[in-house]
Each structure stands twice: as structure tokens, then as C-alpha cells.
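Note sheet for the following structure.
The numbers here are math on the coordinates, done by the rules we state, and not lab data. Fair warning: this is a prediction, and the values are worked out from it, not measured in the lab. Here Cβ is always computed from backbone atoms with ideal geometry, including for glycine, and neighbour counts include all displayed protein chains.
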Amino acid sequence: MTLHSTVQLAFDGSSIDGSLFTSVTGIAKSTRWLNGPLDWWTNAGLGVFAVLMVIGFWNARRRDTLSLTRALAAPVAVVVAFAVAEVIKKAVAEVRPCYSVPHAYFVDPCPVRSDYAFPSGHTTTAFATVAALWLLDRRLAVVTAAFAVFESFTRVYLGDHYPHDVVGAAVIAVPVAYLTSRILSRLATPLVGRLRGGLLQPVLTAAPGGAHAAGRTRPGGPGARGGPPAGGAPRGSGGAGAGARAAGMPGGRLPAERGGGGGGGGGGGGGGGGGGGGGGGGGGGGGGGGGGGGGGGG
């Protein structure tokens, strides 16, 4: 017995998890109305992972250069993981379940014998995308993981792979894609930074918000609701007259107004004891009211 045949025998799915495989394909036999949609999804669903990587790239354009580099490295990491899986697939040469478990129910027709089973290429692509996006956006990676699990299930449901084919693919894809993405990010970040500041800036950098952002004001800034007008004077302060009064006070502060009497003294110049309170640190009661009235009139 050669080494190649020994490895092939060791990964014969019928002796590893053949019973679990037939249980899953038995579900497909009893829910045939699902067979068509899942058969369509198992290939079309790969496009979802491409879309998720595009979303990650689009969001990274608004972030720092390292994040953008990780977004650009994601598809490269997926390709590297897929290539590693293909090398392993050729080395193991595990035949498809339809050759080893012919009595099971199969939705898809049996492929050629040289189209080996371990590891699953579809599952490799799915979980490599999860690992690459994990470095970029973990919330997006969690969404991707949900699609990856579903993609893996369809591969067994349709009879294309054993359960260990999809589990093994995930075990291979995640570390390979993760390490590839980290290495590429570290090496390529300076280059991406230069490209981002050069001719590729419109592609690699999002526009800074446009007119909508330009018209937005900060709380309390010029033109903000409840804030001072553009001239810089507080509302209701009397404009230049208030500025002159502030300049004549110790520390440049306006006198504190207390009660209704103080307000009346500042607005119209009515004297009295209340006006004296509005005058703050002035002389007598009447004198304080007079001072407040003079300032209000100005």
C-alpha cells in the first residue's frame, strides 16, 4: 500500500462521518421543495462574500490607512487560502460521497472522480472571507460567519461533501487567511498610504462629507440655535453698548442681574432699590439704578 493510498483511506468519509452525512441528505430527501433553492444558493451565494468584501472596502475608505490596507488584502487572503486548500485536496484525493456512499440521497449529480472532496472549496472561500474581515470590521465578520455556516450546510445537504470536508475547510481557511491578511497589511500599508495620497486618492479615500457637512455647525458655534450670532456678541446683551459696559467693570464682567427690579433698571433706567441691586457693586441704590439705565439706553 502506497503512502498516497494510505492517506486516501484515512480520509475516507464513509468511515469517518458517513452516518451523519446520510442523516443530512435524508433531510434533503424529505424536503425536496428546498432542493432547488439551496442548489441555486450554493453557487450564487459565493457572490455574497464578494459583496461583503466590497462593503468592507467601501467603509474602510473613511478610515485610516491600515484599515484600508486590510480591506484590500482581504480578497488576496481568500485566494491564498483557496490555493492552499486545493493543494491539500490534490494530496488527500478523497473521492466524493457519491462514489463511497452510493445508497445515499443526492441532489447534485456525481462529478468526475478527479474532483475531490476534502476540503470543500466553497467552505474555504466562505470562512477565509470571515477571517479576513475579522481584522477589518468584526460586526461585518459576524454577518459573514452566518452566511459561511449556511453555505457549509448546503454543501452537505446537496450531497457534495461530507461534514468533515466543510469542518476541515474552515480549520484550514481561517488561520491561512488571517495570517495572510496580517502579513500583507504590515507590508503594504506604506505603499497604500502613498497611493492614497496620489492619483488613486478618489478611489481609496471617501469624499469628506460634501455640502451637507460644510453646512453643519457645531453646538454653540456661529449660526447655531441658541448660540451667539456671527458677530460674536451674546443675544440680548445690547451689542456694542454691552461690550463697553463690560470693559469698564473689574475683570471685564457684566453686573449680575437679580430679580425683576434689576431687569427693569437695566432695560429702561428706572431707579429705586431694585435698580441698585441690578447695579451690583455700584454706589447707593439710586445711583446704581441710574448707571444701569444709562448703559441700557446706549
Sequence order, the stretch 105-115: Karplus ³J(HN,Hα) from phi using 6.51 cos²θ - 1.76 cosθ + 1.60, θ = phi - 60°, Hz rounded, Gly and Pro as x, gives 8, 10, 7, 7, x, 6, x, 5, 5, 7, 8
Rounded to whole angstrom, the alpha-carbon centroid of the stretch 146-187 lies from that of the stretch 26-92 at a distance of 9 Å
Diffing the stretch 76-81: the Karplus 3J(HN,Hα) column from phi (6.51, -1.76, 1.60, θ = phi - 60°), in whole Hz with x for Gly and Pro, holds 5, 4, 5, 5, 5, 4
From fewest to most C-beta neighbours within 10 Å, the residues LEU52, LEU191 line up as LEU191, LEU52
Spelling it out for ARG62: with amide H atoms placed in the peptide plane at 1.01 Å from N, the residues 5 or more places away or on another chain with amide H under 5 Å from its amide H are ALA206
For LYS89, LYS29, ascending order of other Cβ atoms within 10 Å (fewest first) is LYS29, LYS89
Taking LEU72, LEU158 and counting other beta carbon atoms within 10 angstrom, the fewest-first order is LEU158, LEU72
HN-Hα couplings for the stretch 53-65 via Karplus (6.51, -1.76, 1.60; θ = phi - 60°), in whole Hz with x for Gly/Pro, come out as 5, 5, 4, x, 5, 4, 5, 5, 5, 8, 10, 6, 5
